[in-house]
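S.K.: Structure in C-alpha cells, see below.
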C-alpha cells in the first residue's frame, strides 16, 4: 500500500510543494509583486522546459519522488496532510538537500525556496541559496534575480541588491520595479526618483506600476512637486491617464497639496474607479474643506450602486466633521448601522471624532463604549475630542482608563492631553505632562514638540516657549511656525522678523503655513511694506499661488485698503477656496465697497463654492452698509438653510443689518436668538440704531448693556456718543464722557475723535476745541472732525487755518477733509479759494471728487450769485450729478429768486426723487418769493396728486433734563398758553425794531385756509420761546430742527437774540446757526 502511494503521487506532491511555496511567498507581497511574480515565473518555466526537454522533466520527476520518499519514510503511518505539514516545517535549505538527493533542482524550485526565505528565513540562508544559484549558472534567470533583489532589500542589504541588479545581463521593467519598490520601503525617496529617471532614459517606457511607485515617493515632499507634474505629463504621454494604479496616487498627491480641481479631473478620467479611487477623492474633498462636495460624491457613488466600504464611510464622516456638517454626519451614521459597519474600529473612531467636534461628548462616549475593541487610536480619538471641547478633566479621565487597561500612551495621546491643558490655560498640569514626556522618552517626536510649544504659547508663557524652542533640534518647521504665531499674537513684529530671518539662516525652508504666520503679523500691526516684501518672497519660492498663502495675502491687502491688489491675487488663483473668496468679500465690506462685496459673494456661489459662516456674515454686513434689506433677508434665509441659524458671527451681522434698516423688532428678535451675546452683539445693536436714526433706542440699549454687566469697549462708547450727538443730547453725552474717563479710554485717539464730534454736533464748538487740542495724539479723523465742526458752526476761516496746520504736520487730507474745507469756503464766501481747493484734490492729492464735493462747489458758486456758472459746472461734471447737487442749486436759486434755473434744477431733482417732499417745497418757495402764486399752487396740486406729503417740521429743546418737542402750531404742550403769550410779546418788540413777518414761506405750510395766526407759527419759534421762559439767562438756548430753518424764522431769531440778549444755537440738517446780538454765524446764507 505504501509503495503504491509513492508511485501514484510523486508528480502531484511536487506540484503541491512548489505551489505551496509560491502561495506562501505571495501572501505577504503587495498586489503588483504578485502580478509580476507569476507572469515572470510562468515565462521562466516555459523557457526552462524548452531548453532541458524531456530528460530534465524526468529528472525533476525523480527529484519529486525522492522528496516524497524521504517524507514517507520519516512519517510512517501519518496521513497525507501530516506529510505536507512536516514538509512546511522544514527550512528552505533542508528542503533543497532533500530535493537534490534524488536530482538536481530546477529554477522553479529555487524560486519557491527564495520565496520561503523571504517569509521566514535569514540573510545567511539567502546568501547560501544565491551561492548555489551562481554555482548552477542560474544567475541569468530574471525571475531568480528579481527574487534575490527582493530578499536583499527586505534584509536591508541594499548594496548587494544594487550589485546584483547592475550585474544582470537583461534588466526588464519588472527588475527596475523591484529596485525602486525596495528603496520606497526603505523611505529612500530620492533614490527612487533617481532610478525612475534612469528607467525612463534606458527602458523608455515604464509601466503603470513604475509610475505608481515614483508618485508614492513624491508624497509628503514639497520639493518634489515639480517631479509630480513631470510624471503626470508622462502618464498622459504613455496613455496611462485612465489607469487606477497611477490615478489613485495622483489624486492623493493633488488633494494633499490643495489642487483639488486637478484631483477631480484625474478622478473623472479613470476608466475603472475602485474603492481606493473613491476613498482618495472623498478624502481629498474632506482635507481641503469641501465637505459638501465630499458628500455629493458619496451620494453619486451610492446611487451608482457601488457599495461603500468602511474606508469610504470613514472618509465621508471625516468630511462632515471638518466642514461642521453634523446633521449630514448623523445620516451617514444611520447608514453605518444599516450596513453593519459599527464594529469597524476606524469607522467608530470617525464617529467619535464627529460627535466630539460638535460637542456631543455624551454620544461620543456612548459610541466609544459600544465599540467591540478599543485600541490606542480609539482612546486617542476620544481624548482629542475632550481636548477640543476644552474638557481637560474628561480628557484626563479617559487617559486614566487607558492606563488602567494597560494601553501605553503614545505621542498622539500625550499631544491630545497637552492640547486639553492649553485650551483651558492649565500650564501647571501641562508642565507635569511635559515631565512625563521627558521620562517616557517621547520628547523627540515632532507632534510632541509641537504640542508642548503650543501649550506654552496658548498659556501666554512666551519665555518658557522660547526656551523650549531653543532646546529642540529646530529641524521641525512646525516649531518655527508656532513661534511665529506666538510673536504674531503679541504683535511683536521685530521678533517675528528676526525669527523668520534666523529660520532661513539655519537652512529651514518655509512652508505653506510659515508665510501666513508672518503675513498675519504684518496685517495685525499694519506693516504693509514688510508684507509686500514677504509677498515678493512667496513669488520667488513658488508659494504665491498656494491657496493658503494667497488667502492670507488677500486678507492683508484687503484690510490695509489695497483692494485692487487683493482682487488681482484672487483672479490669478487657479483653484479658489472658500477662505480666499471670503477674505475678498470681507475686505470689500470692511471698506464700505458693499456692492462689490455682494457681487463677489454671488460670483463665488456661481463658481460652485458654498459660503461658510464668515462669508455669510460678511455679505450680511455689506447689505447693512447699503441698507439692502431685501438681499439681507435672502442671505438670512440662506444662513438658516445652511445650518448657521445660531452662529454668533452671522447673528451679530443680522443684528446690525436690522438695526441699521430701522427694523427694531427684527433686530431685537435676532438679538434674543443669539445664545452667547458678546460685546459685538451689543455694539451691533447700539451702532445700528444710532446709524438708522433710532438714537433714543441706541442709548436705551447702551444702558441695558451696562445693567447686564457687559463691559463697554471703545467701539461701544463711540456708538453711544454718536447717538447722543445725533440727538444733540449734550447731557447724555457728558455722562458718557465721564464713563470714558473712568474706564481709562480718554487717552485713546478714537475716544477723542468721538468727543470732538459730540461737542461740535451739540453746538459746543468751544468744548470741541478743548478736546481736540487736548488730545495727546491725533490722526486724520481727528483733524477732519474739528475742521468739519468749525465749518458747520460758520467758523470758515478757522477751518481753513486748521487745514493748513494739518498739512504742515504731514497729515494727508482725504475725501472727508475736503468736504469740510469746501463747506468752510462756502460759509465765508471764498469762491476762488474754494475752486482752487477743489482743483487740488485731483492734482495734488490724487483724490477723485465725489458727488458731495461737486455739491459743495455748486454751493460756493451759488453763494456768490454765480448761478449760470454753477449750472455749467454741473453740466460739465464727469459723473452723473445726484440729488444733492441739484438740490444745492435749487436752494441757491431760492435765495437769489432765480426761477428759470430753479425750474431746471427742480425738473432734474423730481426725476431723480419724485417722492421727496423737500424738492416740491423748495420749488414752491421760489414761486412764492417771486410772487408767482399760480405756479406755487400748481406745485402743491402735483404734490397732492402724487400722494407726496410734506414731512412735518419738528423742533426740540432740552430743559432740566427733559426733551420738549414742538410741531408747527403746537398747542399740546402743558405751558402752551404761556408760550404763545410770550411769543406775542416778543413779536411786538421785534416789530418795533424793524422785524417784518415774511408770509411767503409760511403759506406753504397751510393745508387749508385758516384764520388762526397761531397755526402758522413754526416749531423752532415755539421751542425758542419756551427756552427763554424756562432757562436762566446765562444758559445758551440749543434747539434742534429736523428740516431746514425757513427765512422768516431765521430773521425772527436774529431780532430775538438782540432783544433778549441771549445766545441761540439752532441746528438743522445742514448746519449750525449761532444767533447773537442780532446776527447769525451763517452770514444769512444757508
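S.K.: What helices (runs of 4 or more DSSP H) lie completely within the range 903-999 and have 1 or more residues being free of Cβ contacts under 8 Å to residues at least 24 places away in the same chain? Spell out the reasoning first.
M.R.: On the way: elements: 917-929, 933-946, 976-992.
Where helices (runs of 4 or more DSSP H) fall fully within the range 903-999 and carry at least 1 residues being free of Cβ contacts under 8 Å to residues at least 24 places away in the same chain, they are 933-946, 976-992.
S.K.: Just a yes or no: is a residue in the range 838-851 buried (at least 23 other Cβ atoms within 10 Å of the Cβ) and within 19 Å of residue 884 (Cβ to Cβ)? Give the steps one after another, and end with the answer.
M.R.: The first filter runs over the range 838-851 and keeps only residues buried (at least 23 other Cβ atoms within 10 Å of the Cβ), leaving none.
Checked the range 838-851: no residue is buried (at least 23 other Cβ atoms within 10 Å of the Cβ) and within 19 Å of residue 884 (Cβ to Cβ).
S.K.: How about the range 858-886: which of its residues are under 15 Å from residue 1085 (Cα atoms) and assigned to a helix (DSSP H, G or I)? Break it down stepwise before answering.
M.R.: Going through the range 858-886, the residues under 15 Å from residue 1085 (Cα atoms) turn out to be 858-867.
Correct list: 858, 859, 860, 861, 862, 863, 867.
Conditions tested, residue by residue: (1) without any contact (Cβ under 8 Å) to a residue 40 or more places away in the chain; (2) over 25 Å from residue 411 (Cα atoms); (3) under 24 Å from the mean Cα position of the chain (by Cα).
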{"position": "296", "(1), (2), (3)": "yes, yes, yes"}
{"position": "307", "(1), (2), (3)": "yes, yes, no"}
{"position": "350", "(1), (2), (3)": "yes, no, no"}
{"position": "356", "(1), (2), (3)": "yes, no, yes"}
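S.K.: Moving on. One residue is enough: does the range 825-840 have a residue meeting the conditions touching a helix residue (DSSP H, G or I) at 6+ places or on another chain (Cβ under 6 Å) and more than 24 Å from residue 1080 (Cβ to Cβ)?
M.R.: yes
S.K.: For residue 257, state whether it is surrounded by fewer than 23 Cβ atoms within 10 Å (Cβ to Cβ), in the same structural domain as residue 219 (by TED's automatic domain parsing) and closer than 17 Å to residue 574 by Cβ. I'd like the intermediate steps shown before the answer.
M.R.: Working: surrounded by fewer than 23 Cβ atoms within 10 Å (Cβ to Cβ): yes; in the same structural domain as residue 219 (by TED's automatic domain parsing): yes; closer than 17 Å to residue 574 by Cβ: yes.
It is true that residue 257 is surrounded by fewer than 23 Cβ atoms within 10 Å (Cβ to Cβ), in the same structural domain as residue 219 (by TED's automatic domain parsing) and closer than 17 Å to residue 574 by Cβ.
S.K.: Separate question: Among the residues of the range 275-312, which ones are at pLDDT 85 or above and in a loop (DSSP other than H, G, I, E, B)?
M.R.: none
S.K.: Filter the range 183-208 for residues that are within 14 Å of residue 246 (Cβ to Cβ) and in a loop (DSSP other than H, G, I, E, B); which is modelled with the lowest pLDDT?
M.R.: Across the range 183-208, the extreme among qualifying residues is 205.
S.K.: So which of 317, 325 ends up being modelled with pLDDT under 85 and closer than 26 Å to residue 577 by Cα?
M.R.: Working: 317 fails: modelled with pLDDT under 85.
Answer to the check: 325.
S.K.: Do we find a residue being farther than 19 Å from residue 510 by Cα, in contact with a helix residue (DSSP H, G or I) (Cβ under 8 Å, 6 or more places away or on another chain), surrounded by fewer than 23 Cβ atoms within 10 Å (Cβ to Cβ) and free of Cβ contacts under 8 Å to residues at least 12 places away in the same chain anywhere in the range 443-463?
M.R.: Checked the range 443-463: at least one residue is farther than 19 Å from residue 510 by Cα, in contact with a helix residue (DSSP H, G or I) (Cβ under 8 Å, 6 or more places away or on another chain), surrounded by fewer than 23 Cβ atoms within 10 Å (Cβ to Cβ) and free of Cβ contacts under 8 Å to residues at least 12 places away in the same chain.
S.K.: What number goes with the only condition from (1) more than 30 Å from the chain's Cα centre (by Cα); (2) buried (at least 22 other Cβ atoms within 10 Å of the Cβ) that residue 665 does not pass?
M.R.: Looking at each condition in turn, residue 665 falls short on (2).
S.K.: What about residue 693, is it farther than 20 Å from residue 732 by Cβ, more than 27 Å from the chain's Cα centre (by Cα) and in a loop (DSSP other than H, G, I, E, B)?
M.R.: Numbers: farther than 20 Å from residue 732 by Cβ: no; more than 27 Å from the chain's Cα centre (by Cα): yes; in a loop (DSSP other than H, G, I, E, B): yes.
Criteria not met by residue 693.
S.K.: Any idea which of 470, 476 is out of contact with any strand residue (DSSP E or B) (no Cβ under 6 Å at 6 or more places or on another chain), farther than 20 Å from residue 414 by Cβ and not assigned by TED's automatic domain parsing to the domain that holds residue 432? Show your work before the answer.
M.R.: Details: 476 fails: farther than 20 Å from residue 414 by Cβ.
Among 470, 476, only 470 is out of contact with any strand residue (DSSP E or B) (no Cβ under 6 Å at 6 or more places or on another chain), farther than 20 Å from residue 414 by Cβ and not assigned by TED's automatic domain parsing to the domain that holds residue 432.
S.K.: Please go through the range 244-273 and pick out each residue that is modelled with pLDDT under 85 and either in contact with a strand residue (DSSP E or B) (Cβ under 6 Å, 6 or more places away or on another chain) or not in a helix (DSSP H, G or I) (or both).
M.R.: Selection gives 257, 258, 259.
S.K.: Limited to the range 618-647, what total is found for residues that are more than 16 Å from residue 604 (Cβ to Cβ) and outside any loop (DSSP other than H, G, I, E, B)?
M.R.: Selection size over the range 618-647: 10.
S.K.: Go through (1) free of Cβ contacts under 8 Å to residues at least 12 places away in the same chain; (2) in a helix (DSSP H, G or I); (3) more than 31 Å from the chain's Cα centre (by Cα) for residue 379 and report which single condition fails.
M.R.: Unmet condition: (1).
S.K.: Determine, yes or no, whether residue 924 is modelled with pLDDT of 85 or more, at negative phi, surrounded by fewer than 12 Cβ atoms within 10 Å (Cβ to Cβ) and more than 52 Å from the chain's Cα centre (by Cα).
M.R.: On the way: modelled with pLDDT of 85 or more: yes; at negative phi: yes; surrounded by fewer than 12 Cβ atoms within 10 Å (Cβ to Cβ): no; more than 52 Å from the chain's Cα centre (by Cα): yes.
No; evaluated as a whole, the condition is false for this residue.
S.K.: Testing residue 418 on (1) closer than 13 Å to residue 382 by Cα; (2) crowded, with 23+ Cβ neighbours inside 10 Å; (3) at pLDDT 85 or above, one condition comes back false. Which one is that?
M.R.: (1)
S.K.: Those residues that are assigned to a helix (DSSP H, G or I) and buried (at least 21 other Cβ atoms within 10 Å of the Cβ), I need them from the range 509-522; list them, please. Even if it seems obvious, please write down each step before you answer.
M.R.: Step one: list which residues in the range 509-522 are assigned to a helix (DSSP H, G or I), which gives 514-522.
Answer for the range 509-522, where residues must be assigned to a helix (DSSP H, G or I) and buried (at least 21 other Cβ atoms within 10 Å of the Cβ): 514, 515, 516, 517, 518, 519, 521, 522.
The values are calculated or read from the model by the stated rules, or taken from the named source; none is laboratory data. Since the structure is predicted, the reported quantities are computational estimates derived from the model, not experimental observations. Reconstructed Cβ throughout: ideal geometry from the backbone, glycine too, with neighbour counts over all protein chains shown.
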